[in-house]
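What follows is one structure encoded as structure tokens, with my remarks underneath.
The values are calculated or read from the model by the stated rules, or taken from the named source; none is laboratory data. None of the values given here were measured: they were computed from a predicted structure. Backbone-built Cβ (ideal geometry, glycine too); neighbour counts: all protein chains shown.
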Amino acid sequence: MSWEFIVGHLPYWLFITLMMTGLYIVVAKGNYVKKIVGLNIFQTSVFMLYISIGKITGGTAPIFPLDLEVDPETVYSNPLPHVLILTAIVVGIATTALGLALIVRIREEYGSIEEDVILDIEYRLTQHENAVHGDAMGGRA
Amino acid sequence: MVATAVAIARMRSLFATVMLAGVFSLLSALLFVNLDAVDVAFTEAAVGAGISTVLMLGTLALTSRVERPSSRSPVIPLFVVIATGAMLIYGTLDMPNFGSPDAPAQLHVAPDYFYGTEKDIKLPNVVTAILASYRGFDTLGETAVVFTAGIGVLLLISGLRTRRRRDEDEEEDET
């Protein structure tokens, strides 16, 4: 573990810390909107990790001069991660929109967007079902 | 950025959470500029800080604004998160240093793309050339995903007003 190694890997570790903050929000929080925000944070930190792999020290953005006379001395960063992440950002917003629409429907159906409340309602519904139809179905479902 | 993320985790007001998420997106866009990914940076600024904030505010308007305190203990999630993070950090130990020019990721396809863009496609922006030409099928798939998601959102939301009216009618019938 040389000093150079630690400095060279510190960016990755920071991104992983961010990622884990997002994951924690997704797992530990009961509110659905908050879960989506956590998912977004997680996603963005994955993007940062990818982009940081394509970075070259002293490099510049992968855009040639307009006349396409490329100076062989210029170092360009790797454009491939950029392309992949552009696609991922757009797909990410699509999934976010779908999740939020689902939340609106859930709120309409249950009157709440808290996981605890919804699980409670579901539990009571199952209890009710068991009480009414339990015998016909051959005991508790 | 870590501070923003932790603040989001602790904040109870959903409105402030959404605003902080926008701030987080904008900061990450700045970071992308620093990492030479200008195309990604302005997509992130437009989509992450713009559209998703608007969508979330719309959802908040249709639902509630305050988060209820959770009854579950945070110990198990914290343990899971720390274990996953430790494994990921263990995974980075084999990676080349940040910004090193002789990393494997820099040596294989990237020079080909640069050469091809300069000789065949003759576009100054390499990212555009790869996105539309070399990886055109990826972009086609992406469009399909966005289309599907759009249909899904429309199907989920569309009946909102008629359903509300029907519910009100039923309530009037009952009373």
When you look at B:Asn125, is it facing chain A (nearest Cβ under 9 Å), of a type outside the set (Asp, Glu) and farther than 24 Å from A:Phe64 by Cβ, yes or no?
-> no
Please give the number of the condition A:Arg124 fails out of (1) of a type in the set (Lys, Arg); (2) more than 10 Å from chain B (Cβ to nearest Cβ); (3) buried (at least 17 other Cβ atoms within 10 Å of the Cβ).
-> (3)
Looking at (1) touching a helix residue (DSSP H, G or I) at 6+ places or on another chain (Cβ under 7 Å); (2) free of Cβ contacts under 8 Å to residues at least 40 places away in the same chain, find the lone condition where B:Ala46 falls short.
-> (1)
Run down A:Lys29, A:Lys35 and say which single residue is under 22 Å from B:Val75 (Cβ atoms), of a type in the set (D, E, K, R) and crowded, with 21+ Cβ neighbours inside 10 Å.
-> A:Lys29
Check region B:49-70 and report whether any residue there is in a loop (DSSP other than H, G, I, E, B) and either more than 7 Å from every other protein chain (Cβ to nearest Cβ) or touching a residue at least 60 places away in the same chain (Cβ under 8 Å) (or both).
-> yes
Test result for B:Leu30, at the interface with another protein chain (Cβ under 7 Å from one of its Cβ atoms) and not in a loop (DSSP other than H, G, I, E, B) = no
What residue, among those in region A:94-135 that are touching a residue at least 40 places away in the same chain (Cβ under 8 Å) and charged (D, E, K, R), is farthest from A:Val33 (Cα to Cα)?
-> A:Asp116
So how many residues does region B:93-132 have that are surrounded by fewer than 16 Cβ atoms within 10 Å (Cβ to Cβ) and either of a type in the set (Lys, Arg) or under 24 Å from the mean Cα position of the chain (by Cα) (or both)?
-> 3
Among the residues of region A:1-31, write down those that are out of contact with any Leu (no Cβ under 8 Å at 6 or more places or on another chain), facing another protein chain (nearest Cβ under 7 Å), farther than 14 Å from B:Ile89 by Cα and small (Gly, Ala, Ser).
-> A:Gly30
State the number of residues belonging to region B:50-76 that are at pLDDT below 70 and either surrounded by 15 or more Cβ atoms within 10 Å (Cβ to Cβ) or touching a Cys at 6+ places or on another chain (Cβ under 6 Å) (or both).
-> 1
Single residue of region B:24-36 satisfying the filter (closer than 17 Å to A:Leu18 by Cβ and in contact with a Gly (Cβ under 9 Å, 6 or more places away or on another chain)) that is surrounded by the fewest Cβ atoms within 10 Å (Cβ to Cβ) = B:Leu26
Is it fair to say B:Ala132 is in contact with a Pro (Cβ under 6 Å, 6 or more places away or on another chain) and farther than 19 Å from A:Asp67 by Cα?
-> no
Of a type outside the set (Gly, Ala, Ser) and within 15 Å of B:Val38 (Cα to Cα), is that true of A:Ile63?
-> yes
Whichever residue in region A:32-80 is in a loop (DSSP other than H, G, I, E, B), hydroxyl-bearing (Ser, Thr, Tyr) and at the interface with chain B (Cβ under 7 Å from one of its Cβ atoms) and, among such residues, is nearest to B:Phe98 (Cα to Cα) = A:Thr57
Selection from region A:91-115 of residues that are touching a helix residue (DSSP H, G or I) at 6+ places or on another chain (Cβ under 6 Å) and within 7 Å of another protein chain (Cβ to nearest Cβ) | A:Val91, A:Ile93, A:Ala94, A:Thr96, A:Ala97, A:Leu98, A:Leu100, A:Ala101, A:Ile103, A:Val104, A:Arg105, A:Ile113
Qualifying residue in region A:4-18 (condition: within 19 Å of B:Gly48 (Cα to Cα), among the β-branched types (Val, Ile, Thr), surrounded by 19 or more Cβ atoms within 10 Å (Cβ to Cβ) and touching a residue at least 24 places away in the same chain (Cβ under 8 Å)) = no
Selection within region B:1-23 - at the interface with chain A (Cβ under 7 Å from one of its Cβ atoms), at pLDDT 65 or above and either surrounded by fewer than 24 Cβ atoms within 10 Å (Cβ to Cβ) or touching a Cys at 6+ places or on another chain (Cβ under 6 Å) (or both) = B:Val6, B:Leu14
B:Ala41, sole failed condition from (1) buried (at least 16 other Cβ atoms within 10 Å of the Cβ); (2) at pLDDT 85 or above; (3) within 7 Å of another protein chain (Cβ to nearest Cβ) = (3)
